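Reading through the structure tokens given below for one structure.
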Amino acid sequence: MKTFHAKSGPFAEQPFYALAEIESICTDELQRVGLLPSTPSPVRIDRFIEKRFEVRPLYEDLPAGLLGFTHFGPKGVERVVVSKALDDEGTKPAERRLRTTLAHEGGHGLLHAHLFVLGSTPAPLFGGDGALDGPKILCRDGGISGIETPRGVRPPYRWWEYQANQAMGALLLPRDLVTKVLEDLVIARGLMGTAHLPEDRRGQAIKLLSETFDVNPVVARIRLEALYPMAADRQLTL
């Protein structure tokens, strides 16, 4: 991990993680707490939060548009709170959105806790009223991959949210397990034997990943694009 002076956002410093670093961090952390599945199956993300950060996720009534937040203290993560509305809805898509939100918050905990411990972020920029005061990252509609704003408005780029989204994908759909699920769909291409997922098989791949790892199809699609980008495949055909 490299660190730069942040040009935007609430942090004084901006860590830079290559995707491979985030993949390694998430895999190692899942293994460390005994929650990396041995075969492709849903990751127990709520249990991961409990074991890794020693806090139990709380479900509370939050303002409209706020999906959850992670509260930090001198020793790192102190609370992970998720909107009670997601838990109350009781549908499969809502249950999966809840898993996505927990994984996103876990990403913040893994990648950004040190920024708070070092005191490199001014707490007022995370403020709100009452229970929302203090050093925390607030995660809203559109800030989490696969969860759109009500009007479909593209949210502004925030590097800390982008990094948490990458960790979210790595936690819910670990790379090696995704590879196993897609082994019959992926083909080797070129002299280097680069893994390639044909465009006409992507719909099937998304469905397989969604059902295997218990995530909404849009999350599976985003993870698929991260691991098997279509742009790279098109370049190989030029």
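A convex hull fitted to the Cα coordinates of the range 12-53 yields 97 cubic angstrom per residue. Around the amide H of Arg140, modelled in the peptide plane, lie the amide H atoms of Leu67, all under 5 Å away and 5 or more residues distant in sequence or on another chain.
Within a straight-line Cα-Cα reach of under 22 Å, Lys84 can be paired with the following lysines, leaving aside sequence neighbours fewer than 8 residues apart in one chain: Lys51, Lys92, Lys136. For Ser210, Ser83, the sequence from fewest to most other C-beta atoms within 10 Å is Ser210, Ser83. When peptides 194-204, 105-115 are ranked by their average number of other Cβ atoms within 10 Å per residue, the highest-first order is 105-115, 194-204. Taking amide H as placed 1.01 Å from N in the peptide plane, the amide H of Gln14 sits under 5 Å from that of Phe4, His5, Ala6, each at least 5 places away or on another chain. Measuring r between the beta carbons of Glu89 and Phe4 and using R0 = 41 Å, the FRET efficiency lands at 0.55.
Hey, if you drop one equal point scatterer on each alpha-carbon of the range 1-108 and run the Debye formula without solvent, what base-10 log of I(q)/I(0) do you get at q = 0.15 Å⁻¹? Relative scattering, expressed as log10 I(q)/I(0), comes to -0.77.
Ranking request for peptides 157-166, 219-228, 86-95: highest mean number of other beta-carbon atoms within 10 Å first, then the rest in descending order.
Values: 157-166: 19.3, 219-228: 21.2, 86-95: 13.1.
By packing density, highest mean first, the sequence is 219-228, 157-166, 86-95.
All of the numbers you see were taken from the coordinates with simple rules; none came from a lab. Small disclaimer: the values here were computed from a predicted structure and weren't measured. Quick reminder, even Gly has a Cβ in these numbers, built from the backbone with ideal geometry, and neighbours come from all protein chains shown.
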